[in-house]
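Asker: The structure under discussion is supplied below as structure tokens; questions concerning it will follow.
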């Protein structure tokens, strides 16, 4: 199973880890993808962080939410709430995003249940993040966890699936391509 490393700026700040240290840890674990997320920074800061990552990391680089920075990375990941800010209709939101995030770039979205996975199957995206698998310290808006049902729900996706939320390097799934791990890499 492949590693998708989630580099959250708040997590880095809280744990006193530099961006470069996190990227080196991700590389040691053979991360195929690094997603950079900063919910509390302006676009200029996020751009600078993407440039810093690109200088030391050759894998796929995804930015969370800041689709206007697509030229600095390989793709964009959007959560359900952030998709709704683009358009209330998720199909329209994806169409709008695809007008910015070209087909040669990666577009992924978060899903949390079987209904959202079914809806994602009809969308022009490359992957879904599915979860939360278990409780996590980096997301405070989780309303429930999927636990053992995550793999069963993942089997219903036509897209690649990344298990999100409290996932560890030891977790194994049958229908999941990526373990998405953030602070778990720092232990």
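Asker: For region 136-154, check the following and say yes or no: at least one residue is outside any loop (DSSP other than H, G, I, E, B), closer than 27 Å to residue 187 by Cα, out of contact with any helix residue (DSSP H, G or I) (no Cβ under 6 Å at 6 or more places or on another chain) and in contact (Cβ under 8 Å) with a residue 60 or more places away in the chain.
Answerer: No, region 136-154 contains no residue that is outside any loop (DSSP other than H, G, I, E, B), closer than 27 Å to residue 187 by Cα, out of contact with any helix residue (DSSP H, G or I) (no Cβ under 6 Å at 6 or more places or on another chain) and in contact (Cβ under 8 Å) with a residue 60 or more places away in the chain.
Asker: Tally the residues that are within 17 Å of residue 173 (Cα to Cα) and either in contact (Cβ under 8 Å) with a residue 40 or more places away in the chain or crowded, with 20+ Cβ neighbours inside 10 Å (or both), restricting the search to region 118-135.
Answerer: Count: 7.
Asker: Something else about it: Is it fair to say residue 92 is out of contact with any strand residue (DSSP E or B) (no Cβ under 7 Å at 6 or more places or on another chain), modelled with pLDDT of 95 or more and farther than 22 Å from residue 5 by Cβ?
Answerer: yes
Asker: Can you confirm whether residue 181 is buried (at least 18 other Cβ atoms within 10 Å of the Cβ), farther than 30 Å from residue 95 by Cβ and under 17 Å from the mean Cα position of the chain (by Cα)?
Answerer: Values: buried (at least 18 other Cβ atoms within 10 Å of the Cβ): yes; farther than 30 Å from residue 95 by Cβ: yes; under 17 Å from the mean Cα position of the chain (by Cα): yes.
Yes, satisfied.
Asker: When residue 174 is evaluated against the numbered criteria (1) under 17 Å from the mean Cα position of the chain (by Cα); (2) more than 26 Å from residue 24 (Cα to Cα); (3) at pLDDT 95 or above; (4) surrounded by fewer than 20 Cβ atoms within 10 Å (Cβ to Cβ), which criterion, by number, is the only one it fails?
Answerer: (1)
Asker: Shifting gears a bit: Among the listed residues 81, 108, identify the single one that is part of a helix (DSSP H, G or I) and within 23 Å of residue 154 (Cα to Cα).
Answerer: On the way: 108 fails: part of a helix (DSSP H, G or I).
It is 81.
Asker: Sticking with this one: How many of the residues making up region 7-23 are out of contact with any strand residue (DSSP E or B) (no Cβ under 8 Å at 6 or more places or on another chain) and touching a residue at least 12 places away in the same chain (Cβ under 8 Å)? Please lay out each step first, then the result.
Answerer: We begin by selecting, within region 7-23, every residue out of contact with any strand residue (DSSP E or B) (no Cβ under 8 Å at 6 or more places or on another chain); these are 10-18, 20-21.
Add one more test, that the residue is touching a residue at least 12 places away in the same chain (Cβ under 8 Å), and what stays is 10-11, 15, 17, 20.
Total meeting the criteria: 5.
Asker: Next question. Listed residues 64, 30, 40; which is on the phi > 0 side of the Ramachandran plot and either modelled with pLDDT of 95 or more or surrounded by fewer than 13 Cβ atoms within 10 Å (Cβ to Cβ) (or both)?
Answerer: Numbers: 64 fails: on the phi > 0 side of the Ramachandran plot; 40 fails: on the phi > 0 side of the Ramachandran plot.
Result: 30 is the single residue among 64, 30, 40 that is on the phi > 0 side of the Ramachandran plot and either modelled with pLDDT of 95 or more or surrounded by fewer than 13 Cβ atoms within 10 Å (Cβ to Cβ) (or both).
Asker: Which condition number does residue 91 fail, the rest of (1) surrounded by fewer than 14 Cβ atoms within 10 Å (Cβ to Cβ); (2) closer than 27 Å to residue 170 by Cα; (3) over 17 Å from the mean Cα position of the chain (by Cα); (4) in contact (Cβ under 8 Å) with a residue 24 or more places away in the chain being met?
Answerer: Just one mismatch for residue 91, condition (2).
The values are calculated or read from the model by the stated rules, or taken from the named source; none is laboratory data. Please read all numbers here as calculations on a predicted model, not as lab measurements. Every residue, glycine among them, receives a Cβ derived from its backbone with ideal geometry; neighbour counts consider all protein chains shown.
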